[in-house]
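Let me begin by presenting the structure, written as structure tokens, before commenting on it.
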Amino acid sequence: MMIDIDHFKHFNDDFGHDAGDFVMSQVAAIMMDVAGNHGAVHRFGGEEFAIVMLGTDQKEARSLAERLRSGIERAPITYLGRPLGTVTVSIGVASTQDGQPSTNLMQRADASLLRAKAGGRNVVITDWTTGDAERPAV
């Protein structure tokens, strides 16, 4: 999985860099909780993260990604007693189970992430199905 905190610059600009760092640490904690024993969470750069999951099938990976997306969206994040608003993430998921080589797995997950961001953000996109964005219920 490749994960990007949506509109992260807003947190730094509106609340300060310390609040932005706090948002990032809270999102990372949720990722580690959801990933559990299924995968390892890594900061990929900036406000992007990667979760590498070994031995997880596509259905389970998709389900974990959606649990992660909705868990972050529902998390009430406050900094120094001040609510920071809703935090959302866009997630791209790729798999080696589709017969494609693992050598370009991160590139394929990143391409799915870019599709998620271009499609409106706060969605999960996989590389094994097209048009599979799951929008949150409103």
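Some notes on this structure:
- Computed helical MRE - 222 nm, the chain, DSSP H runs ≥ 4 contributing -39500 (n - 2.57), nearest 500: -13500 deg cm²/dmol
- Measuring with a 1.4 angstrom probe and ignoring ligands and nucleic acids, Lys117 comes out at about 50 Å² accessible.
- The convex hull built on the alpha-carbon positions of the chain has an orientation-averaged projected area of 8.1 nm².
- Radius of gyration and maximum dimension Dmax of the range 7-63, Cα, Å: 13.5, 41
- For the range 66-78, 3J(HN,Hα) per residue [Karplus equation, 6.51 cos²θ - 1.76 cosθ + 1.60, θ = phi - 60°, Hz, x = Gly/Pro]: 5, 4, 5, 4, 6, x, 5, 4, 7, 6, x, 10, 10
- The chain: relative contact order in percent, alpha carbon pairs under 8 Å with at least 6 residues between: 24
- Rounded percent of accessible protein surface that carbon and sulfur make up, the chain, 1.4 Å probe: 53
- Alpha-carbon centroid distance for the pair the range 40-62 / the range 1-31, whole angstrom: 17
- Nearest 10 degrees, 0 to 90: helix 105-118 Cα axis against the chain principal axis: 50
- Placing +1 on the Cβ of every Lys and Arg and -1 on the Cβ of every Asp and Glu, with nothing else charged, gives the chain a dipole about its Cα centre of roughly 180 debye.
The values are calculated or read from the model by the stated rules, or taken from the named source; none is laboratory data. Quick caveat, the model's predicted, so the values are computed rather than measured. Neighbour counts run over all protein chains shown; Cβ positions are idealised from the backbone, glycine included. Please note that ligands, DNA and RNA were not included when accessible areas were found on the heavy atoms of the full protein model with its side chains. Shrake-Rupley method; radii C 1.70, N 1.55, O 1.52, S 1.80 Å.
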